[in-house]
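Structure, as C-alpha cells:
Nothing in this text is a laboratory measurement; each read-out follows from the coordinates by a stated rule. All values reported here derive from a predicted model rather than from experimental measurement. Here Cβ is always computed from backbone atoms with ideal geometry, including for glycine, and neighbour counts include all displayed protein chains.
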Amino acid sequence: MLWDMADSPRSRYNRRPDRPVAAVRLALDTDGLVYRKWGGQQRAKQGDWIVDNGGDVYTVDADVFARTYRQTAIGAYVKTTPVWAQRAEHAGSVKTKEGSTQYEPGDYLVSNKSDGSDEYAMKAEKFEDLYVPSDDR
C-alpha cells in the first residue's frame, strides 16, 4: 500500500540517536529464514540483517539496512536516515520486503522513502519512543 500524497499527509521523522539496535548479518550459506511476526509470515534471505530493537527482534533487507543504518560499535547500529509517517485511521495490512504487517487504528504507517515505498507499520507507543519530528519537514 503506497500512500496517496493527496489523500493523507505524511510527516518526516528522525530516529533518536540514543536508540541504537543490535544487529548481525545473516552471512551464512542458507536458503533463508521464515518466521511469524506482526500477524504474518516473514522471510529473510542470505545477507539480510537480524535486528534486536530493544527486545523487538526482526529482520531487515540487506539493501535497506546498508542504506539506512551505520555502525557505531561492534554489533551496534543507529538509523541515520529519516522516515515519513502518519497515523493509521483504519485497521489494515501493509506489504513489506519481508512479508506483511497488520496494523490497527492509531498505529503509525512508516516509510523509509519520501514516496511512500519501503513501508512498514509500528505501534504508536514504540514509534513515539524511537522517533522525533524532523526539523526539515
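Farthest toward the positive end of the dipole of the chain, out of Gly106, Leu26, Tyr13, is the Cα of Leu26, where the dipole comes from beta carbon charges about the Cα centre.
Sparse packing (at most 10 other Cβ atoms within 10 Å of the Cβ) combined with a DSSP loop state is found for the following GluC sites (Glu not before Pro) in the range 43-137: Glu89.
Residues Ser117, Ser93, arranged from fewest to most other Cβ atoms within 10 angstrom of their Cβ, appear as Ser117, Ser93.
If you work out Kirkwood radius over Cα pairs in Å from the coordinates, which of [x] 15.4; [y] 14.9; [z] 21.8 do you get? Step by step, Kirkwood radius over Cα pairs in Å for this structure corresponds to label [x]. Largest mean-square fluctuation among Lys126, Lys97, Lys113, in a Gaussian network model of the chain whose springs join Cα atoms under 10 Å apart, belongs to Lys126.
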